[in-house]
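Before any comments, here is the structure.
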Amino acid sequence: MAEQKYGPVIKASKALLNELNNAIAREMQVAIQYMWQHVQWGGVKGFAVHDELKAIAIAEMKHAEAIAERLYYLGAIPTTKPTPIIVGTSLKEMIAQDAKDEENAIHLYKKIIDMAREADDETTNRLFRQILQDEEDHHDTFTTLLEDL
Ligand SMILES: [Fe+2]
Ligand SMILES: [Fe+2]
């Protein structure tokens, strides 16, 4: 007879679960970061960036939620702690930081896609391929904006 087990059923490797929690921590970071940048923007050039920051902040919050749903299904508890938030002071400083954060996301999500593929976890793989596409769009937006700041 199978041994009775209690607690959540763990359906993924510890390494993958850890990376999903890292992903959630940085999605929460950028959601708050872009939201406060949206509040603190200034100057004429800020007009061009203002709405974009708000829209991207909301997209990041949706990413955090989607990843947390997946992590919870896989048997782990989503973190409540964002990675350090760096708002910046000038608009140029803000957008340069944001471009860097998107680069980090792209790097991490490619790694998660590889891990999910190796684990035959098609759902996590698909989720992160969709999110990766958004992050590449964000990176493109921020680097384009940066050229004009
Ligand atoms: Fe994101
Ligand atoms: Fe992003």
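Within region 73-112, the set of residues being within 15 Å of ligand 1 (Cβ to nearest atom) and touching a Phe, Trp or Tyr at 6+ places or on another chain (Cβ under 8 Å) comprises Pro78, Ile85, Asp98, Ala99, Glu102, Tyr109, Ile112.
Of all residues in region 107-119, none that is more than 15 Å from Ala12 (Cα to Cα) and charged (D, E, K, R) has its Cβ atom under 7 Å from the Cβ atom of a residue that is modelled with pLDDT of 95 or more and surrounded by fewer than 14 Cβ atoms within 10 Å (Cβ to Cβ), 6 or more apart or on another chain. Within the set Leu91, Leu127, Leu149, Leu145, the sole residue that is crowded, with 16+ Cβ neighbours inside 10 Å, touching a residue at least 40 places away in the same chain (Cβ under 8 Å) and touching a Gly at 6+ places or on another chain (Cβ under 8 Å) turns out to be Leu91. Count, please, the residues in region 72-100 that happen to be under 16 Å from the mean Cα position of the chain (by Cα) and under 30 Å from Ser13 (Cα atoms). Qualifying residue count for the region: 9.
Might you check whether a residue that is away from ligand 2 (no atom under 14 Å from the Cβ), at pLDDT below 95 and charged (D, E, K, R) occurs anywhere in region 117-126? No: region 117-126 contains no residue that is away from ligand 2 (no atom under 14 Å from the Cβ), at pLDDT below 95 and charged (D, E, K, R). Look at (1) free of Cβ contacts under 8 Å to residues at least 40 places away in the same chain; (2) more than 14 Å from ligand 2 (Cβ to nearest atom); (3) hydrophobic (A, V, I, L, M, F, W, C); (4) surrounded by 17 or more Cβ atoms within 10 Å (Cβ to Cβ) and you find that Met35 fails only one, number (2).
Looking only at region 94-107, residues that are open to solvent by less than 90 Å² (accessible area, probe 1.4 Å) and away from ligand 2 (no atom under 11 Å from the Cβ) come to 4 in all. Of all residues in region 41-56, those satisfying the criterion of being open to solvent by less than 40 Å² (accessible area, probe 1.4 Å) and modelled with pLDDT of 90 or more are Leu53, Ile56. Any residue that is more than 12 Å from Ala23 (Cα to Cα) and within 15 Å of ligand 2 (Cβ to nearest atom) - is there at least one of those in region 41-51? The answer is yes, given that some residue of region 41-51 is more than 12 Å from Ala23 (Cα to Cα) and within 15 Å of ligand 2 (Cβ to nearest atom).
The set of residues in region 108-124 that are crowded, with 18+ Cβ neighbours inside 10 Å and part of a helix (DSSP H, G or I) comprises Tyr109, Ile112, Ile113, Met115, Ala116, Thr124. Within the bounds of region 14-30, is there any residue that is of a type outside the set (Val, Ile, Thr), more than 11 Å from the chain's Cα centre (by Cα), within 16 Å of ligand 1 (Cβ to nearest atom) and open to solvent by less than 10 Å² (accessible area, probe 1.4 Å)? No, the conditions are met nowhere in region 14-30. Test Ala68 against the stated conditions and say whether it is more than 14 Å from the chain's Cα centre (by Cα) and open to solvent by less than 50 Å² (accessible area, probe 1.4 Å). Spelling it out, it is not the case that Ala68 is more than 14 Å from the chain's Cα centre (by Cα) and open to solvent by less than 50 Å² (accessible area, probe 1.4 Å).
The values are calculated or read from the model by the stated rules, or taken from the named source; none is laboratory data. Worth saying up front: this structure is predicted, and the values here are computed from it rather than measured. Counting neighbours? That spans all protein chains shown, and the Cβs are built from the backbone with ideal geometry, glycine included. Protein only, heavy atoms only, side chains kept; ligands, DNA and RNA dropped before computing areas. Shrake-Rupley method; radii C 1.70, N 1.55, O 1.52, S 1.80 Å.
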